[in-house]
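Reviewing the structure listed below.
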Amino acid sequence: MAQGILYVLHGRRNKVPQANLHLLQELMQELPQPQVIGFLEGEQQTLEAGLKQLQCQVNNVVVVPVLLFAATHVRQDLQRRLKACQKSGVTITVLEPLATTAAVFDFLKQQLAKACRVLPRRPILLIAHGTPHFVEPYQQLTNLAAQLQQHLPVSVIAANYIGPHQFAELLGDQIEPVIVQSLFLTDGRIAGKIKHAVQQQVPDALFLPTLENQLVVKQAILERLAMIMVPIQV
């Protein structure tokens, strides 16, 4: 059965974002399968166009959500839009997003441990996008924070940007410096809004890099692909 890979990114409404694209393009050069990139938002390079292109070449499509958590885009939008374009005789397998991979955990552990050595005793605020519609993303975030806590000498607090458990509420009356790890794939508008809001309350907060343009994105994708026995020749 011929197999192809569709990488699905969030995208933007008015343009194709460049963050992380070169990592995917490197990966596409290393793997033998037909591969296409599609976006959830915007009119360029849509996931529907990518799926139609792949279905002309293969009868088994593996969809890799290049996202961190399974919220509305993964659990509803992606499934609905793939089904609407699926051809008869083509099977589609949607993999889980990337936040629960060992690659992401190892990246965060190393980055946070280094920050703790430089600035000891500062608590860590681990902030994800969040959602008011699904409980799974926050459960995964709190599990990740608990796992990191076992390897770090300070407390790790899980917080959301939207939905329950918002970071502003969890900061409370905090005025002592914190280490902030924004768990996003791009260092864009939302990460900037979080930084601004935290700095208003805690001016000396340390903000660590997001996952934008980090090798961990590629490693996490390979980890997901390996789980379904896609032949990987790197």
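The values are calculated or read from the model by the stated rules, or taken from the named source; none is laboratory data. Since this is a predicted model, take the numbers as computed values, not measurements. So basically every Cβ, Gly included, is an ideal-geometry build from the backbone, and we count neighbours across all protein chains shown. Please note that ligands, DNA and RNA were not included when accessible areas were found on the heavy atoms of the full protein model with its side chains. Shrake-Rupley method; radii C 1.70, N 1.55, O 1.52, S 1.80 Å.
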Legend entry - Counted residues, the stretch 83-140 - those being β-branched (V, I, T), open to solvent by 50 Å² or more (accessible area, probe 1.4 Å) and closer than 20 Å to I157 by Cα: 3
Legend entry - Filtered residues of the stretch 47-66 (kept if closer than 26 Å to T101 by Cα and without any contact (Cβ under 8 Å) to a residue 40 or more places away in the chain): none
Inset, instruction - Please indicate, with yes or no, whether at least one residue in the stretch 75-94 is touching a Lys or Arg at 6+ places or on another chain (Cβ under 8 Å) and either in contact (Cβ under 8 Å) with a residue 60 or more places away in the chain or under 25 Å from T131 (Cα atoms) (or both). - result: no
Inset, instruction - Could you pull out the residue among A158, A191, A113 that is in a helix (DSSP H, G or I) and farther than 28 Å from Q18 by Cβ? - result: A113
Legend entry - Within the stretch 63-82, tally of residues that are over 16 Å from T46 (Cα atoms) and crowded, with 19+ Cβ neighbours inside 10 Å: 4
Inset, instruction - May I ask you to list the residues in the stretch 132-154 that are among the polar types (S, T, N, Q) and either outside any loop (DSSP other than H, G, I, E, B) or touching a helix residue (DSSP H, G or I) at 6+ places or on another chain (Cβ under 7 Å) (or both)? - result: Q139, Q140, T142, N143, Q147, Q149
Inset, instruction - Would you check which residues across the stretch 78-92 are small (G, A, S) and either in contact with a helix residue (DSSP H, G or I) (Cβ under 8 Å, 6 or more places away or on another chain) or at pLDDT 95 or above (or both) and list them? - result: A84
